[in-house]
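> Sharing a structure with you now.
The values are calculated or read from the model by the stated rules, or taken from the named source; none is laboratory data. These numbers come from a predicted model, not from an experiment. Neighbour counts are summed over all protein chains in view; Cβ atoms, including those assigned to glycine, are modelled from backbone coordinates with ideal geometry.
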């Protein structure tokens, strides 16, 4: 039988997703800060050799990498914090060979 996830409850899901959106807003600011630092470092080290294309590529690469990492880690936190992880069916629950660490 499939176990029900706490995220199936509308109120729990709303709280969890609100927390995720709040985390992502904060990480958007962190991403912006990382882009500014990366562009500042490039400007300091490259001087006049820094082109517009390199600035755009750096901003996109750094900004999107930080946001992607934050989004994936945020989903891990959402899944764990809401109790969704405990709602899975573990096919190896009764197998002593697979649960040697318990």
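Yes/no matrix, rows are residues, columns are (1) in contact with a helix residue (DSSP H, G or I) (Cβ under 6 Å, 6 or more places away or on another chain); (2) exposed (fewer than 12 other Cβ atoms within 10 Å of the Cβ); (3) in a loop (DSSP other than H, G, I, E, B); (4) modelled with pLDDT of 70 or more:
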residue	(1), (2), (3), (4)
57	no, yes, no, yes
65	no, no, no, yes
68	no, yes, no, yes
101	no, yes, yes, no
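> Where residues in region 1-28 are more than 14 Å from the chain's Cα centre (by Cα) and farther than 13 Å from residue 78 by Cα, which of them is surrounded by the most Cβ atoms within 10 Å (Cβ to Cβ)?
If we take residues in region 1-28 being more than 14 Å from the chain's Cα centre (by Cα) and farther than 13 Å from residue 78 by Cα, then 9 is surrounded by the most Cβ atoms within 10 Å (Cβ to Cβ).
> Looking at residue 85, is it at pLDDT below 95, part of a helix (DSSP H, G or I), exposed (fewer than 14 other Cβ atoms within 10 Å of the Cβ) and at negative phi?
Values: at pLDDT below 95: yes; part of a helix (DSSP H, G or I): yes; exposed (fewer than 14 other Cβ atoms within 10 Å of the Cβ): yes; at negative phi: yes.
In short, yes.
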